Amino acid sequence: MVLNFIDKFPDIKKLKFQSGEAFFSEDISKFFIKSNSLEFTSSSDSKKDMSFEDLIKELDKSKHASSAQSELNFMLELSKIFTAQGMNNNAKATYAQIVNFIENTELKDYLSDIYIKAKTFV
């Protein structure tokens, strides 16, 4: 939804706040591009060959910030790992946390695709 809006109005990328900070930063753009391409039940071939413990360790190393975006991406990756490992009860619990997280965030409307996918998994 956000990407369609940006495609329709590309000049939005040029908007800036009074402080000079970009209204639509590169990080925000990457977030919506990444969230638009998420697949809940698939994992890359290289990750399929890794053990469960290695997958969790790799995920832990990749979590750098404590932002809402980072938290959401962490939970999405964790749920994908659980699903790929056949740990459906853990995946359901994680998806329930994702649903709760999205319901309590100001970006709920922008995350509607993720919300719907997570809600249907629960």
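What follows is calculated from the coordinates using simple rules that are stated; it is not laboratory data. Given the structure is predicted, the values throughout are model-derived calculations rather than measurements. Cβ sites come from the backbone with ideal geometry, for glycine too, and all protein chains shown count toward neighbours.
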Fill in the blank from the handout: Residue by residue through segment 17-28, the couplings from Karplus 6.51 cos²θ - 1.76 cosθ + 1.60 with θ = phi - 60°, in Hz, x for Gly and Pro, are 6, 4, 6, x, 6, 5, 5, 10, 6, 5, 4, 5
Completion exercise
If the chain between Ser25 and Ser51 were fully extended at 0.36 nm per residue, the gain over the current Cα-Cα distance would be 5.7 nm
Practice task
Could you compute the FRET efficiency for Met87 and Lys8, with r as their C-beta to C-beta distance and R0 at 35 Å, rounded to 0.05?
Solution key: 0.30
Exercise for the section: In whole Hz, with x marking every Gly and Pro, tabulate ³J(HN,Hα) for segment 53-62 from phi via Karplus 6.51 cos²θ - 1.76 cosθ + 1.60, θ = phi - 60°. Expected result: 4, 5, 4, 5, 5, 5, 5, 4, 5, 7
Completion exercise
Given 78-86, 13-21, 51-59, 97-105, the highest-first ranking by average Cβ count within 10 Å works out to 78-86, 97-105, 51-59, 13-21
